[in-house]
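Below is one structure, written out as structure tokens; the observations come after it.
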Amino acid sequence: TDLRPLDILSEVVPAGRLAHGMRVFQVQGVHGFQLTTSWPRALGFPASRLFIHCDCFPEEFSIIVTLRVLSIPAKRNEYVFTLMAEENPSVLVGLRYAPNKLHFIFWSQERAGGWQTHVTFPNVSLSDNQWHTLILAVSGQSFSLTVDCSVPKDVVAETPFPASLSVKRASFYLGNRRRRKGMFTGLLRQLVLLPGADATPRICTAMNFKVATLSVPTVLQDLPAKPTSNEVLKYPYETDTKVTLGSRPPCTKQEKAQFWFNASQRGLYLCNGSAWISMLEVKQRLDYVEEYQNLVTNSETMGVEVFTIPEVGLFTATANRYTPPGSAIYKWTDGKFVPYQNIPTYQAQSWKYFTIGKKIFLAVANFEQNDRGQEFSVIYKWSHRKEKFITYQRITTHSARDWEAFVIEGEAFLAVVNHRKGNNHNIDSVIYRWNPRTGLFETNQTIPTSGAYDWEFFTIGPYSFLAVANTFNGTSTKIYSHIYIWLSGSFQLFQSILTFGAADWEVFRIGDRVFLAVANSHSYDSGMPAPSNFYAINSSIYELNITAQMFVKFQDLLTYSALDWEFFSVGDDSFLVVANSFDGFTFSVNSIIYRWQGYEGFVAAHHLPTVGCRDWEAFHTAEGSYLLYSSAKEPLSKVLKLKTT
């Protein structure tokens with residue numbers, strides 16, 4: 001059999017002529033067909049147009065579909081496509097979607113009188129208003145479904161796919177089974193039959209797995225060309241974009257990709273899911289940084305967390321060293337952070353803000369015991385009635401340094417970094433899983449760590465990763481930090497990288513490139529001669545090499561007991577700011593903003609005077625963009641404003 005892709009979708013629109021009831025629709029920058037015909041047969045064509053040399057359906061094949069599914073009622077089924085004989089109402093081959101299920105249907109002629117077989121793939125959730133690419137591979141009794149290049153779902157059926165399924169006088173029907181009931185209501189971008197092969201290796205090579213392409217009709221590949229003079233567009237298309245007029249409307253996930261036109265200021269803005277982005281002004285460029293606010297804190301500050309509570313406002317939480325008075329939360333009011341709430345903490349190291357559904361949480365990592373000799377860190381929950389954070393759950397920790405919150409396959413997790421237990425730095429850090437039945441976090445997995453400082457969670461395509469910054473094993477800071485990958489329900493070692501007192505990992509993306517930066521704080525080894533300076537050492541930036549399936553070193557930058565990296569953007573420019581804390585002689589050290597300059601990598605652009613700098617946070621308001629840094633050596637943090645041109 002010829003292994004060329006057979007583009008079913010293109011056959012319905014030969015030479016770009018749309019069938020009756022078909023429209024080109026654009027959503028999230030991607031084009032697809034919407035099917036609205038009242039005459040389903042108009043969306044069909046004879047199978048002989050595809051099977052020129054043979055009247056039988058392939059015995060082994062893949063079906064590739066890229067689609068966007070709308071939410072449908074619980075008992076409703078919609079057909080993606082069918083293959084039906086003209087004289088028979090039964091489906092020879094078909095693909096049908098129901099809420100959280102996908103059914104592959106075929107006619108088995110080996111049974112007396114024939115029999116329709118259904119192969120069902122459960123727990124396939126596509127109704128999230130996103131594009132998805134499905135690959136169904138069929139071979140005998142084996143049926144495999146891959147969604148967005150994730151782990152395949154395999155089914156072994158009792159009835160094999162027939163070795164010789166006749167397609168004489170049969171026709172393909174797009175989005176229906178020759179009647180209006182069960183018509184597909186979503187958008188279709190790709191529908192391809194690949195005989196004789198599993199298409200997964202050919203499809204799963206791009207970074208954007210949700211719209212990976214094998215063959216797409218010409219009309220859907222690009223935006224229509226701009227017509228000359230009064231010529232009409234060759235391919236009419238529509239989008240689901242709305243433009244709101246008047247005063248500033250809310251910008252949430254529901255308004256994402258919608259426009260707002262501010263008539264008074266003649267401004268057009270696009271909602272990115274959290275903020276309105278100007279579409280008409282010239283892209284801003286960072287000119288210089290100015291001191292904006294001296295934020296007096298309860299005591300020295302080990303970490304800061306900036307977050308927004310919907311319909312309440314912008315906040316920052318400072319992790320302060322001493323109790324009393326503990327740590328504090330500040331609210332952005334009239335262009336400044338002002339005290340909002342004090343929370344008792346015990347040598348707090350960091351805060352982590354996260355949500356689970358409509359619940360809002362803030363977790364603190366406590367480094368020391370409380371007044372009763374108990375050592376635990378605390379999760380606080382936002383009370384909408386009191387408009388304050390209240391104690392929700394206490395978790396036993398050991399000199400906790402950091403929390404990381406993340407979601408994998410719809411489940412919420414919270415990971416704590418345990419730094420040491422007594423004088424033993426080689427202990428387990430713990431990953432907790434949210435139990436929706438009890439409403440509590442429960443231990444899910446422990447991972448051995450060495451004087452660890454930081455967790456960093458990130459995703460690449462369908463894969464989830466968790467990186468730990470190991471700092472000290474009891475004798476040396478020259479130790480391996482590890483990157484773990486989520487496989488089969490737990491994190492497993494993916495890669496080890498040699499670090500020097502690693503205090504922080506920062507993952508960031510520039511275009512399609514994925515980077516991981518480590519902040520190295522201290523070079524010490526009890527078995528080696530002392531270096532001239534323990535603290536003036538390179539911190540490193542690694543880049544993901546997709547071919548090698550590992551992170552490889554991209555650039556070294558000289559830092560001074562670096563404790564944190566923060567990535568941010570201004571206009572089209574990307575930046576990294578490092579928290580330099582100590583140069584071996586003084587805590588008054590310049591922290592550096594590096595600008596991304598392509599082939600040159602990151603180049604120092606701004607030198608910022610800091611004192612014992614521990615943490616950086618970038619944030620934005622309607623008035624502009626800012627950096628907030630915390631000082632671990634004085635009870636004063638600073639808000640800096642990014643001045644742009």
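The values are calculated or read from the model by the stated rules, or taken from the named source; none is laboratory data. Please read all numbers here as calculations on a predicted model, not as lab measurements. Neighbour counts are summed over all protein chains in view; Cβ atoms, including those assigned to glycine, are modelled from backbone coordinates with ideal geometry. The accessibility values were calculated without ligands, DNA or RNA, using every heavy atom of the protein model including side chains. Shrake-Rupley method; radii C 1.70, N 1.55, O 1.52, S 1.80 Å.
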Quick count over the range 34-76, residues being under 31 Å from the mean Cα position of the chain (by Cα) and open to solvent by less than 50 Å² (accessible area, probe 1.4 Å), is 11
Requiring at least 2 residues that are farther than 28 Å from V296 by Cβ, open to solvent by less than 70 Å² (accessible area, probe 1.4 Å) and not acidic (D, E), the strands (runs of 3 or more DSSP E) wholly within the range 325-424 are 388-396, 400-408, 411-418
Of (1) open to solvent by less than 40 Å² (accessible area, probe 1.4 Å); (2) of a type outside the set (G, A, S); (3) more than 19 Å from L627 (Cβ to Cβ); (4) without any contact (Cβ under 8 Å) to a residue 40 or more places away in the chain, F551 satisfies every one except (4)
Checked against (1) surrounded by 15 or more Cβ atoms within 10 Å (Cβ to Cβ); (2) closer than 20 Å to R41 by Cα, E86 satisfies every condition except (1)
Taking the range 37-57 and keeping only residues that are within 16 Å of L193 (Cβ to Cβ), in a helix (DSSP H, G or I) and without any contact (Cβ under 8 Å) to a residue 60 or more places away in the chain, one is left with R49
When (1) at positive phi; (2) small (G, A, S); (3) out of contact with any Asp or Glu (no Cβ under 7 Å at 6 or more places or on another chain) are applied to G182, the one that fails is (3)
Counting only residues in the range 89-127 that are aromatic (F, W, Y) and open to solvent by 10 Å² or more (accessible area, probe 1.4 Å), the one modelled with the lowest pLDDT is identified as W115
### Query
Got at least one residue in the range 159-169 being farther than 30 Å from Y463 by Cα, of a type in the set (K, R) and crowded, with 21+ Cβ neighbours inside 10 Å?
no
Flagged in the range 75-121 as touching a residue at least 60 places away in the same chain (Cβ under 8 Å), of a type in the set (S, T, N, Q) and part of a loop (DSSP other than H, G, I, E, B), in numbering order, are N77
K101 fails exactly one of (1) closer than 26 Å to H31 by Cβ; (2) touching a Pro at 6+ places or on another chain (Cβ under 6 Å), namely (1)
Among strands (runs of 3 or more DSSP E) entirely inside the range 522-592, those with 2 or more residues being among the β-branched types (V, I, T) are 536-545, 550-560, 573-580
Practice prompt. Could you check, for the range 153-167, whether at least one of its residues is within 26 Å of H20 (Cα to Cα), more than 23 Å from the chain's Cα centre (by Cα) and of a type outside the set (G, A, S)?
Written response: yes
When Q254 is run through (1) more than 16 Å from W131 (Cα to Cα); (2) under 28 Å from the mean Cα position of the chain (by Cα); (3) modelled with pLDDT of 80 or more; (4) not in a loop (DSSP other than H, G, I, E, B), the failure sits at (3)
All conditions in (1) closer than 23 Å to R509 by Cα; (2) over 27 Å from the mean Cα position of the chain (by Cα); (3) not hydrophobic (A, V, I, L, M, F, W, C) are true of G474 except (1)
Checked pairs for the range 516-543, first over 12 Å from F554 (Cβ atoms) and touching a residue at least 24 places away in the same chain (Cβ under 8 Å), second open to solvent by 40 Å² or more (accessible area, probe 1.4 Å) and of a type in the set (V, I, T), C-beta under 6 Å and 6 or more apart or across chains, list as S526/T475
### Query
Taking I427, is it open to solvent by 50 Å² or more (accessible area, probe 1.4 Å), modelled with pLDDT of 95 or more and touching a Lys or Arg at 6+ places or on another chain (Cβ under 7 Å)?
no
When restricted to F602, F575, F568, the only residue open to solvent by less than 40 Å² (accessible area, probe 1.4 Å), free of Cβ contacts under 8 Å to residues at least 60 places away in the same chain and under 23 Å from L516 (Cα atoms) is F568
Scanning the range 605-645 for residues that are among the hydroxyl-bearing types (S, T, Y) and open to solvent by 20 Å² or more (accessible area, probe 1.4 Å), the one farthest from the chain's Cα centre (by Cα) turns out to be T645
Only one of V124, V151, V155 is within 22 Å of T200 (Cα to Cα), assigned to a strand (DSSP E or B) and of a type outside the set (D, E), namely V155
Looking only at the range 211-233, decide whether some residue is modelled with pLDDT of 85 or more and of a type in the set (V, I, T). yes
With the structure loaded, tell me whether S71 is part of a loop (DSSP other than H, G, I, E, B), touching a Ser or Thr at 6+ places or on another chain (Cβ under 8 Å) and polar (S, T, N, Q) or whether it fails that test. yes
Screening N272, N294 for residues that are within 24 Å of the chain's Cα centre (by Cα) and surrounded by fewer than 17 Cβ atoms within 10 Å (Cβ to Cβ) leaves only N272
